[in-house]
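What follows is a single structure, written as structure tokens, with notes after it.
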Amino acid sequence: MSKHFISYLMVLMVLFSVLLIVPKTEAQKRCRKELMPGTQCLLVNCREVCLNTLKGFGTCIEKPPGSDRYTCNCFYNCSAP
């Protein structure tokens, strides 16, 4: 009986400690900015400009969808400059 009590007590302590930690964690908010609008996206250039200007990840996205035109979009943490 006492072994079960100690086991349940340990489980409750772990659960309680996890519940105390979870609210303190915050996900980083991600933002998107279109770089070099009106020009055809070259992935290497897009990634380099995005990393150097906003410390983010650059990728080419179709604009408008279904066309053969791609624009450079930079995804970065909003807290970054």
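Details
- Every pair of residues 6+ apart whose Cβ atoms lie under 7 Å, when the first sits in region 37-58 and is open to solvent by less than 80 Å² (accessible area, probe 1.4 Å) while the second is β-branched (Val, Ile, Thr): Cys41/Thr71; Cys46/Thr59; Gly58/Val49
- Some residue of region 24-36 being modelled with pLDDT of 70 or more, in a loop (DSSP other than H, G, I, E, B) and β-branched (Val, Ile, Thr): no
The values are calculated or read from the model by the stated rules, or taken from the named source; none is laboratory data. These numbers come from a predicted model, not from an experiment. Every residue, glycine as well, gets a Cβ built from its backbone with ideal geometry; the counts of neighbours run over all protein chains shown. Areas reflect the complete protein model, heavy atoms only, side chains present, ligands, DNA and RNA absent. Shrake-Rupley method; radii C 1.70, N 1.55, O 1.52, S 1.80 Å.
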